[in-house]
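Bear in mind these aren't lab numbers, they're just calculated from the coordinates by the rules spelled out. For clarity, every value in this text was computed on a predicted model and none was experimentally measured. Counting neighbours? That spans all protein chains shown, and the Cβs are built from the backbone with ideal geometry, glycine included.
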Amino acid sequence: MRAPEWIQMGLTVALALLAWTRRLELRRRWRIALLAGIAVAAVVVARFAFPARVSGVVRDWLPAALLLLPYWQAGQFFRGANPRIVQRLGRADERVFEWMRRHGLRAIGFWWSDFLELAYLMCYPVVPLGLGVLYLWRQREVADFYWVVVLLASDICFVLTIFVPAMPPRALVIESPGVAERGNLRRLNFALLNRGSIQAITFPSAHVASTVACGLVLLLYVPAAGVAVLALAAGVAVGAFLGRYHYFLDVVAGAALALGVFLGCVWFR
């Protein structure tokens, strides 16, 4: 079995076991177990149900399809926000916004807000596109390393989210300088979050962590693409904060976590 497969199976199964140690409704426990079963079944099918050549390609791409399973599992643990955590995160945001106002730092024009919304939206396709870049540049042999870095950065966020229950700041009345309250891109982001998110933040921000991790790996093997993705990751981070999708501390912690995971994986490798 490949390292990314062990990570994805191991984490989903571990969360399924953790669910039985927490005070959760039975239906939540079974949902978590079902998601773990899907992960295990998908890995087994990809490994044994296809010819070797096809199986190799399927297994390269499978982590992208399974990436959000532990995120949805973590969502089943969420039973309401911790007021103290929300208060501390909100206070940090207020200090940042106050500093921005004192220095006249505001998003300039509607187009800038739309750009940040687009950057935030792009965090979803950028991870599989990163693998596509490795394929195009004939670097397929580092696919496992790529996924180890991205999965660890994302999965740590999902696990910590269980212990840092907080509502997203867009649900609070904390004004953000320059947020586009209207616009098709913002409406699209809200629609995706309303239908596919767990209605709680990930702490640290998995959006930021996954895109930064993707960019750092690409920087090693396809430097031009790595620079482009890291620039996008900066847009994701700023958009996540100013768009009130994440708190300031979420964003900073996500970037720091991705950098730490990347450096640790490089050292270990």
Answer in debye to the nearest 20: the dipole magnitude of region 80-268 about its Cα centre, from +1 Lys/Arg and -1 Asp/Glu charges placed on Cβ, is 380
Once residue 17 and residue 259 are pulled to full extension, the length gained, defined as 0.36 nm per residue separation minus their Cα-Cα distance, is 84.2 nm
Mean-square fluctuation maximum in Gaussian network of the chain, Cα pairs under 10 Å, restricted to 35, 68, 193, hits 193
Within region 50-82, the residues whose backbone N lies under 18 Å from a label point placed 7 Å from the Cα of residue 27 along the Cα-to-Cβ direction are 72-80
Phi-derived 3J(HN,Hα) across region 38-46 with the Karplus relation (6.51, -1.76, 1.60, θ = phi - 60°), rounded Hz, x for Gly and Pro, is 4, 4, 5, 4, 5, 5, 5, 4, 4
Distance in nm between residue 227 and residue 6 label points, each 7 Å along Cα→Cβ, equals 3.7
Full extension between residue 91 and residue 188 adds, at 0.36 nm per residue less the Cα distance, a length in nm of 32.1 nm
Taking N as the residue count of the chain, its alpha carbon Rg divided by 2.2 N^0.38 Å gives 1.02
Per-residue Cβ contact counts at 10 Å, fewest first, order 202, 12 as 12, 202
So, with points 7 Å from each Cα along the Cβ direction, the residue 54-residue 98 label distance in nm works out to 6.2
Counting all Cα-Cα pairs in region 1-77, those more than 19 Å apart amount in percent to 35
Fewest to most Cβ atoms within 10 Å: 123, 265, 214, 157 sort as 265, 123, 157, 214
By Cβ neighbour count within 10 Å, fewest first, 217, 227 rank 227, 217
Neighbours of residue 265 by Cβ distance under 15 Å: Lys/Arg at +1, Asp/Glu at -1, summed charge 0
In region 1-79, the trypsin sites (Lys or Arg not before Pro) that sit in a DSSP loop and have at most 14 other Cβ atoms within 10 Å of their own Cβ are 22, 23, 79
Summing -39500 (n - 2.57) over every DSSP H run of at least 4 in the chain, dividing by its residue total and rounding to the nearest 500, the 222 nm mean residue ellipticity is -25000 deg cm²/dmol
Quick calc: nm separation of the 7 Å Cα→Cβ label points for residue 220 and residue 234 -> 2.3
